[in-house]
Each structure stands twice: as structure tokens, then as C-alpha cells.
Amino acid sequence: LDAGLELLAQSSADVIYLVDSFGAFYPEQIERLSDKYLNVAAKYNKKIGIHAHNNQQLAFANTIEALSRGVSYLDATMSGMGRGAGNCNMELLLGFLRNPKYSLNPVLKFLQNQMLPLKKTGLVWGCDVQYMLTGQQNQHPRTAIAFTAEQREDYAEFYQSLLDRE
């Protein structure tokens with residue numbers, strides 16, 4: 001990771017992202033990683049961003065932890081929409097920031113007029129047991145995505161299959 005960060009920091013990229021693709025990180029890990037990324041970025045005048053997945057319902061907490069450490073690019077999506085368990089919810093983040101330049105009303109109207117109808121069509125995202133389990137095991141959520149697509153409900157068997165993969 002250290003070598004990779006050094007290479008990225010020396011590249012033409014303006015922003016380096018800390019990404020929790022598996023939704024496996026906890027706030028204390030985000031604290032440590034944010035500090036590591038920020039220290040490298042400071043040497044090369046780069047910014048740091050975070051992109052958190054919500055497998056363990058920690059995308060918002062992890063985003064706030066990164067913000068508190070000095071990370072300045074914060075990814076969020078409306079209603080947390082994203083692959084599998086989704087991402088940090090925009091409405092949660094804007095409510096937390098309490099900045100008068102951000103208005104929550106247009107976001108709420110968008111949720112009502114766009115996101116609710118999408119969900120009513122059967123489009124699925126958000127944390128479920130299968131995503132929680134892949135996040136806890138620090139495994140790619142492709143197996144949880146397949147579990148969902150197959151409309152399976154055998155959580156204990158699925159969990160054992162994750163343990164057997166280790």
C-alpha cells in the first residue's frame with residue numbers, strides 16, 4: 001500500500017481515493033488509512049477522497065470518520081444507491097454537514113420523485129444479511145449479488161460457504 005500510494009501521489013491525478021469496495025472496514029481502520037493517505041498526499045499537494053460501501057451499514061460512519069481526519073472528497077449517492085449493499089446516503093451526509101449552502105429539500109424531493117419509483121419497480125440495493133456477511137468476511141460481494149439474484153434465503157449455508165472460501 002505504501003509503495004502504491006507513493007506512485008499515485010507522484011502521478012498527474014489530483015485526488016487519491018480510499019476505497020472500501022467490500023464494505024469491510026470499520027471506523028478505526030478508516031482513521032488509520034485516512035491518516036496514511038493524507039500524509040502521502042500532503043507531500044505532493046494532492047487531495048484525498050473516500051468511497052465507502054454499506055455492507056455492514058458503516059458507509060456513513062466511515063465517511064464521517066474520514067472527513068474528521070481531513071479527507072475532502074466524500075462520495076455519496078441518493079438513497080445510498082449502489083452496487084450490492086450500496087454506498088453512503090447523500091441525505092445522511094448532507095444532514096450531518098449542516099452547511100447552509102446545502103439544501104436538503106431538493107434531495108428529499110428527488111428521493112420522493114425518482115428513487116421511490118425506482119424501488120417500486122423492483123430495483124434492489126441496500127444492506128441485507130448476505131451483504132453484511134461478505135463485508136464481515138472481507139470478501140467481494142459478487143457472491144452476495146448472486147445469492148440475491150437466485151432469491152436464496154439459506155443464510156447459514158451461505159455463511160458457511162464464505163467461511164469455506166478462506
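Charge dipole of the chain (Cα centre as origin; +1 on each Lys and Arg Cβ, -1 on each Asp and Glu Cβ, all else neutral): 760 debye, rounded to the nearest 20. Computing FRET efficiency as 1/(1 + (r/R0)^6) for Y155 and N39, where r is the C-beta to C-beta distance and R0 is 25 Å, gives about 0.05. From the alpha carbon centroid of the range 10-33 to that of the range 74-113 is 20 Å. Given a cut-off of under 8 Å on Cα pairs at least six residues apart, what relative contact order in percent is computed for the chain? About 21 percent, as a whole number. The aspartates and glutamates within cross-link reach of K46, meaning a Cα-to-Cα straight distance under 13 Å and a gap of 8 or more places when in the same chain, are E6, D14. Candidate values (i) 15.1, 46; (ii) 18.5, 62; (iii) 17.4, 50 were compared with Rg and Dmax of the Cα atoms in Å computed on the shown model; the agreeing label is (iii).
Over the chain, DSSP H runs of length four or greater, each weighted -39,500 (n - 2.57), average out per residue to a 222 nm ellipticity of -14000 deg cm²/dmol. Averaged per residue, the chain has 57 square angstrom of accessible surface, using a 1.4 angstrom probe with ligands and nucleic acids left out.
Computed from the alpha carbon positions, the gyration tensor of the range 1-96 leads to an equivalent ellipsoid with semi-axes of 23, 13, 12 Å, biggest first. Working ranking of peptides 156-166, 130-140, 65-75, 80-90 by packing, defined as the average number of other Cβ atoms within 10 Å per residue, highest first, is 80-90, 130-140, 65-75, 156-166. Projected label points at A3 and Q57, each 7 Å from Cα along the beta carbon direction, are separated by 4.0 nanometres.
Multiplying the residue separation of Q114 and V129 by 0.36 nm and removing their Cα-Cα distance gives an extension gain of 2.8 nm.
The loop-placed chymotrypsin sites (Phe, Trp or Tyr not before Pro) in the range 99-128, going by DSSP, that have at most 15 neighbouring Cβ atoms within 10 Å of their Cβ come out as Y102. Mean-square fluctuations from a GNM of the chain, with a 10 angstrom spring cutoff on Cα atoms, peak among P141, P117, P27 at P117.
The values are calculated or read from the model by the stated rules, or taken from the named source; none is laboratory data. Remember, predicted model here, so these are calculated numbers, not experimental data. Heads up, the Cβs are rebuilt from the backbone with ideal geometry, glycines too, and the neighbour counts pull from every protein chain shown. Please note that ligands, DNA and RNA were not included when accessible areas were found on the heavy atoms of the full protein model with its side chains. Shrake-Rupley method; radii C 1.70, N 1.55, O 1.52, S 1.80 Å.
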